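The structure appears right after this line, and notes come after that.
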Amino acid sequence: MKVDVLLGLQWGDEGKGKIVDVLAPRYDVIARFQGGPNAGHTIKAGDRKIVLHTIPSGILFPETTNLIGNGVIIDPLIMLKEINDLKEVGIDAPAHLLVSRKAHLILPSHRLLDAVQEINRGDGKIGSTLKGIGPTYTDKIARQGMRIGEFHEPGFMQNYQKHRDAHLRMADQYRVNSSDLKFDGFDFDTYERNWLEALKTICEIEQVDGEYFVHRSLWNQKSILAEGAQGTMLDIDFGSYPFVTSSNTITAGVCTGLGLAPANIGRVFGIVKAYCTRVGSGPFPTELHNEMGELLRKTGHEYGSTTGRPRRCGWLDLVALKYSVMMNGVTHIFLTKADVLSVVDSIGVGTGYQRDGEEFDTMPFNQQDLQPVLIKRHGWNKDISQATCSQELPEQLHDYIRMIEQETGVPVSIVSVGPDRAQTVFTRGF
Ligand code: GDP
Ligand code: IMO
Ligand code: MG
């Protein structure tokens, strides 16, 4: 058995959560391999709408085991809220959830550090979700992080206090006005109290050596789907640095984030939104700063699942898409939000970039101030949200799909035509 991978090929929010939920019944295990509560994965099933941040998107199916891998970072308070929200809709998450002992903890003081560092960046701010992602991964790499498995070991609280005090001293040096730190109603002392309570509850969930769990599962012929967070253009190495997240969001991250070998990787499903969005700062060459951008935002409800911020909207960017397909070894593309483009008469597609008279058809090292080279395609102006099979999709959409397949060399096997799990068209077998 091999591990299939599902990840985003743009700047995140491609609809990964929806598609994982659609595919979950085909898998025994769904495993998150990187990122933390900066992610917001939305699932819609009938009148139930669930947004997951830390918990894998297979959690709606009681037969599916959901693993939070070693590459993920966990804020117990946010995770506990997810568990309670799931309980309210009748889902007993801890009953089929496993946590890798090696997953690192986001401490309250990591969130504080994230905030002071972001304020300190001034105009160069990244637009972080302020969930403590950067500082937590920094500590992991600096070999001074705290892993969730340590909770059961003696000396945990002393160790915690040592880390917290070091962070508070560091935060002090930024000399940030304390009133600026009251973001999202964040108050350090309250947060810490609730965080420590939540940690106790979260640590009652079964912990495993995730690397042994995934390999034993494979030996026992169990099927595994690895679920990515964020998107390739937010990858720490290959995204538009420094406007990126702090983990490897690409297929390579599956190996380090779950303890797998490259030879264990099977099919790679790349999720592509039919247009592009980005939250936070950073280059976005095909961004639309006009009414068309507004129309896409309004029609696609493009507001962050984690922060509620309006998402920047623009046309599909083929240079970025081909770059992502190349690095991830994508075998299948799943196209989402095709229904949103139904309101557009003439659809733009970015085929290259220009800057100061120079043309680019590959991703340049410096992505600042690029102007898009655009082609126009006919829209379909037809409601496709009830389509159930390929034949019910309009010819202009088939043209759009063929263009993506020709440019990337990868088949488009699913077209998503609405947020609900039922609004999914399988266009080719896979
Ligand atoms: P993720 O982070 O990649 O899981 O994506 P998000 O959940 O942050 O954002 C995707 C948003 O689009 C969510 O509100 C989904 O419910 C919604 N969505 C997913 N697929 C489709 C689709 O095909 N059409 C429409 N209209 N909405 C979709
Ligand atoms: P999902 O999994 C979209 C963006 C932030 C910011 C940058 C760094 O839902 O697709 P961080 O909090 O990681 O320090 O923020 O990355 N970002 C996301 N954008 N979807 C996400 O996750 C994101 N996670 C982080 O907006 O620009
Ligand atoms: Mg999201």
Handout entry: Net charge contributed by nearby residues that have their C-beta within less than 13 Å of Val373 (K/R +1, D/E -1)
Key = -2
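Is the stretch 126-268 best put as rounded, prolate or oblate by its Cα gyration tensor, with a ≥ b ≥ c the root eigenvalues, rounded for a/c under 1.5, and otherwise prolate when a/b is larger than b/c, oblate when not?
oblate
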Completion exercise
Ranked on Cβ counts within 10 Å of their own Cβ, fewest leading, Lys18, Lys162 go Lys162, Lys18
Exercise for the section: Calculate, in nm to one decimal, what Lys200 and Glu153 gain on full extension: separation in residues at 0.36 nm each, minus their alpha carbon distance. Expected result: 15.6 nm
Practice task
Report, in whole Å, the centroid distance computed from the Cα atoms of the stretch 1-75 and the stretch 316-350.
Solution key: 21
Practice task
Using a/c under 1.5 as the rounded threshold, could you call the stretch 6-165 rounded, prolate or oblate? The axes a ≥ b ≥ c are square roots of the C-alpha gyration tensor eigenvalues, and prolate needs a/b larger than b/c, oblate otherwise.
Solution key: oblate
Fill in the blank from the handout: Along the dipole axis of the chain (charges at Cβ: +1 for Lys and Arg, -1 for Asp and Glu; origin at the Cα centre), the most positive-end residue among His378, Ala229, Gly149 is Gly149
Problem - Exposure proxy order (Cβ contacts within 10 Å, fewest to most) of Met146, Met233 - result: Met146, Met233
Exercise for the section: Answer with one residue from Ser342, Asn84, Pro94: the one whose Cα lies farthest towards the positive end of the charge dipole of the chain, charges on Cβ with Lys, Arg +1 and Asp, Glu -1. Expected result: Pro94
Completion exercise
Rounded to 0.05, the calculated FRET efficiency for the beta carbons of Glu291 and Asp189 at R₀ = 51 Å is 0.65
Problem - Semi-axis lengths (Å, descending) of the ellipsoid that matches the C-alpha gyration tensor of the chain - result: 35, 26, 19
Practice task
Based on a Kirkwood Rh over C-alpha pairs, give the Stokes-Einstein translational diffusion coefficient of the stretch 226-314 at 4 °C and viscosity 1.567 mPa s in µm²/s.
Solution key: 89
Practice task
Could you tally the net charge around Gly270, taking each other residue with its Cβ under 15 Å from the Cβ of Gly270, Lys/Arg +1 and Asp/Glu -1?
Solution key: -1
Fill in the blank from the handout: Counting only backbone N atoms under 17 Å from a point 7 Å out along Cα-to-Cβ of Met1, the residues of the stretch 237-278 in range are 258-261, 263-268
Problem - Length-normalised contact order of the stretch 271-426 in % [C-alpha pairs under 8 Å, at least 6 apart] - result: 25
Practice task
Just rank Ile73, Ile83, fewest to most, by other beta-carbon atoms within 10 angstrom.
Solution key: Ile83, Ile73
Fill in the blank from the handout: Checked the stretch 104-202 with the C-alpha gyration tensor, a ≥ b ≥ c its square-rooted eigenvalues, rounded below a/c of 1.5, otherwise prolate if a/b is larger than b/c and oblate if not; verdict prolate
Problem - Computed helical MRE - 222 nm, the chain, DSSP H runs ≥ 4 contributing -39500 (n - 2.57), nearest 500 - result: -9000 deg cm²/dmol
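All of the numbers you see were taken from the coordinates with simple rules; none came from a lab. The shown structure was predicted, so the numbers you read here are calculated from the model rather than taken from an experiment. Every residue, glycine among them, receives a Cβ derived from its backbone with ideal geometry; neighbour counts consider all protein chains shown.
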